[in-house]
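Have a look at the structure below before the remarks.
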Amino acid sequence: MPIARQQQPSSSSRTTAPIVAPAMALGLGLITLLAACGDDSEPTARRGPPVIAVTTTSLQPRAWSDTIEALGTARAKESLTLTAKVTETVDRVNFADGDMVSAGDVLVDLSGRAEVAQLEEAQASYKEARQQYERQSDLVKQGTIARSQLDSQIATRDAAKARVDAIRARLADRVITAPFDGVLGFRQVSPGTLVSPGTAIATLDDISTIKLDFSVPERFLSQISAGQRIDARSAAWPAQTFEGTVTTLGSRVDPVTRSITVRADIPNPDAKLRPGMLLTVELYEPERQTLAIPEISLVQIGGNGYVFRVGDDSTVQQVEVEAGARQRGLIEVTSGLAAGDRIVVDGVVKLRSGSRVIEASANGGAATASNDHGG
């Protein structure tokens, strides 16, 4: 019975079989991967561009008051330097440094002993002259003496009265009083000091109200009038604003600086402001209605300004606007926008015309809206 021979694989078959199987497996893997990539790209195309989270605001007319900024110098409502009117020795000083005084308070007594003695002598002479006049007046009525003799006595009486008044005036010059309410400065004299006319004794300032003088360019002259409000700030009190009112405009424009001086009154009940202080002034013009946008919403490209306006379909369009005055983080818009427009405030750097947006407060819903769009 013949024996069937089993054919043995050749050496070439043994070499090829192990190589073909891995190659086929690799090809199938690549096909599967490409198919998977093709499946993922199709939903992305259907979803469209992503929704960007931003913050927006709706524009409404608001009260706007333009401001004029300047630097001013504080002055006292009333201010003077107390001085002596005569050459005399200081007898008594009745105040201390920095005292608050009232009008009429006696501040300094100067030695006036000679004038006091002269006053007593003059008063005695006046008394005698008056008595002589009264006696002679009765005698004239009786016809005992001539009328001319009475007239001579009247002149003597009046001269004695004038001498008394003159001495009293000289004595008044030796008593220095406060002419108005205020605060005294440093005392410059002591008892026994010999003073003469013009010798400074102390300063006196009424600082219950501060007069603030500041200069503004002449082009603002038509925009300033008495009664306008101002805000003033001092480096000594950086957290406090002092409110005042314009009272007077200077009568002349400085021909060198082309500016005019404006004076405002600022109540100073706490005496925080002192004469000579430098204050920063903001003068407010009459209010008007305008549209204003936050500064961060304005995109500056070259010399032009743009904002992103949000449409009803939540897409944005870049709109050119014309900016006016700036004030405390806001910019006035003179053209390009209308009341009721909704604009993007924060997030403008991520936008371009046609971008879809959603409020940042709904950021959690932005991803959902992006995934569901077009589905």
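The values are calculated or read from the model by the stated rules, or taken from the named source; none is laboratory data. None of these values were measured; they are calculated from a predicted model. Glycine gets a Cβ as well: all are built from the backbone with ideal geometry, and neighbour counts include every protein chain shown. Accessible surface is based on the protein model in full, side chains and every heavy atom, while ligands, DNA and RNA are left aside. Shrake-Rupley method; radii C 1.70, N 1.55, O 1.52, S 1.80 Å.
Quick notes
- Residues being in contact (Cβ under 8 Å) with a residue 24 or more places away in the chain and either assigned to a strand (DSSP E or B) or in contact with a Ser or Thr (Cβ under 9 Å, 6 or more places away or on another chain) (or both) - total across region 306-318: 8
- Residue, modelled with the lowest pLDDT, within region 103-131, restricted to residues that are open to solvent by 60 Å² or more (accessible area, probe 1.4 Å) and polar (S, T, N, Q): Q118
- Matching residues in region 297-309 - criterion: being surrounded by 14 or more Cβ atoms within 10 Å (Cβ to Cβ) and of a type in the set (V, I, T): V299, V307
- Residue check, T156 part of a helix (DSSP H, G or I), surrounded by 15 or more Cβ atoms within 10 Å (Cβ to Cβ) and among the hydroxyl-bearing types (S, T, Y): yes
- Residues being farther than 21 Å from V54 by Cβ and open to solvent by 40 Å² or more (accessible area, probe 1.4 Å) - total across region 310-338: 6
- If you go through region 321-338 and keep only what is part of a strand (DSSP E or B) and of a type in the set (G, A, S), you end up with A323, G324, A325, S335.
- The test for being part of a helix (DSSP H, G or I) and aliphatic (A, V, I, L, M) holds for L150.
- Screening I176, I145 for residues that are without any contact (Cβ under 8 Å) to a residue 12 or more places away in the chain, more than 30 Å from I68 (Cβ to Cβ), among the aliphatic types (A, V, I, L, M) and open to solvent by less than 50 Å² (accessible area, probe 1.4 Å) leaves exactly one candidate, I145.
- Selection status of Q188, surrounded by fewer than 19 Cβ atoms within 10 Å (Cβ to Cβ), modelled with pLDDT of 90 or more and in a loop (DSSP other than H, G, I, E, B): yes
- Unique residue being of a type in the set (A, V, I, L, M, F, W, C) and in contact (Cβ under 8 Å) with a residue 60 or more places away in the chain when the list is L212, L221, L249, L298: L212
- Test: A367 is among the small types (G, A, S) and modelled with pLDDT of 85 or more: no
- Yes/no for R170 being closer than 20 Å to T199 by Cα, open to solvent by 70 Å² or more (accessible area, probe 1.4 Å) and part of a helix (DSSP H, G or I): yes
- One residue stands out in region 243-288 among those that are assigned to a strand (DSSP E or B), among the acidic types (D, E) and open to solvent by less than 60 Å² (accessible area, probe 1.4 Å): the one that is farthest from T67 (Cα to Cα), namely D265.
- Within region 216-233, the residues that satisfy the criterion of being touching a Ser or Thr at 6+ places or on another chain (Cβ under 8 Å) and either basic (K, R) or open to solvent by less than 60 Å² (accessible area, probe 1.4 Å) (or both) are V216, P217, G227, Q228, R229, I230, D231, A232, R233.
- For the criterion of being open to solvent by 70 Å² or more (accessible area, probe 1.4 Å), touching an Asp or Glu at 6+ places or on another chain (Cβ under 6 Å) and in contact (Cβ under 8 Å) with a residue 12 or more places away in the chain, D91 passes.
- Of all residues in region 63-88, those being open to solvent by 30 Å² or more (accessible area, probe 1.4 Å) and not in a loop (DSSP other than H, G, I, E, B) number 13.
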